[in-house]
1. Would you mind ranking LYS55, LYS13 so that the residue whose beta carbon has the fewest other beta carbons within 10 Å leads the list?
2. Below 12 angstrom from the Cβ of ASP33, what's the summed charge of the other residues (Lys, Arg +1; Asp, Glu -1)?
3. Answer with one residue from MET68, LEU96, ILE137: the one whose Cα lies farthest towards the positive end of the charge dipole of the chain, charges on Cβ with Lys, Arg +1 and Asp, Glu -1.
4. Using only C-alpha positions, report the orientation-averaged shadow area of the convex hull of region 96-180, nm², one decimal.
5. For region 144-153, what does the Karplus curve 6.51 cos²θ - 1.76 cosθ + 1.60, with θ = phi - 60°, yield as ³J(HN,Hα) per residue in whole Hz, taken in order and with x for Gly and Pro?
6. Enumerate the calculated ³J(HN,Hα) couplings along region 162-178 in order (Karplus 6.51 cos²θ - 1.76 cosθ + 1.60, θ = phi - 60°), each rounded to whole Hz, writing x wherever the residue is Gly or Pro.
7. Taking the Cα centre of region 1-132 as origin, work out the dipole magnitude from +1 charges on Lys and Arg Cβ and -1 charges on Asp and Glu Cβ, in debye rounded to 20.
8. Once you list every other residue whose beta carbon is under 12 Å from the beta carbon of GLY14, what net charge do they have if Lys and Arg are +1 and Asp and Glu are -1?
Amino acid sequence: MRLVILGGAGAGKGTQARRLSTHLNVPSISTGDILRGAIASGSELGIQAQAYVEKGELVPDPAMIEFMRLRLLLFDVADGWLLDGYPRTAFQAEELDFLLDDLGQHLDWAIWLDVSESVLMSRSVARSLPDDRPEIIKRRIQLFQERTIPILDYYEHRQRLLSIDGNQPPEKVQQDILQKLESRTFTRSSPG
């Protein structure tokens, strides 16, 4: 199964990605991990990305698309994967589909963790990470609303969007995701 998990900072994407990865036995591919690894290695792409990451800005699409292409060529993703933190724009979603076509793969579902702005704020503040200052959190939420929300229309139009109430405890969120994946996958594969 090939999945992307979408939601604002503090929506629980990382938690659900880890849980689903274990449950489905597929690698969880975190954009943050890829970027940190590339920056630490001093690769050309890593150097390009570093300036954006340090400012809290989104890494430009061409670089992100190349990071994903390189990652999805690795052997461990042959039986599926779960992307956490990519795509972040409708353009990236479309480019991901083109990339997957080139690789002979397809995306099964985009999982949308729908969490209210107030909950995103309180969860982010509670994490106490160095870059989780209120003004930076507000900027992240603003960027998310402007750039990421249009992805929902993209995946909804292609009938690949699963909306999940993310304002629940993590165990309930996971249960809801698994139930929707099971029912939708069964419905898709049923004759008729």
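No lab work stands behind these numbers, since they all come straight from the coordinates. Given the structure is predicted, the values throughout are model-derived calculations rather than measurements. Here the Cβ is made from the backbone with ideal geometry for all residues, glycine too, and neighbour counts use every protein chain on show.
1. Numbers: LYS55 8, LYS13 24.
Least crowded to most crowded, the residues run LYS55, LYS13.
2. Working: positive: ARG18, ARG36, ARG71; negative: ASP84.
Every neighbour counted, the sum reads +2.
3. Farthest towards the positive pole: ILE137.
4. On the way: hull surface 28.1 nm².
The orientation-averaged projected area of the Cα hull of region 96-180 comes to 7.0 nm².
5. So the Karplus estimates, Gly and Pro as x, are 4, 4, 6, 9, 8, 3, x, 4, 4, 4 Hz.
6. 10, 8, 10, 6, x, 8, 10, x, x, 5, 5, 4, 4, 4, 4, 4, 4
7. Values: 11 positive and 19 negative charges, 110 e Å.
Magnitude of the dipole: close to 520 debye.
8. Working: positive: LYS13, ARG18, ARG19, ARG123, ARG127; negative: ASP33, ASP84.
Charge balance near GLY14 sits at +3.
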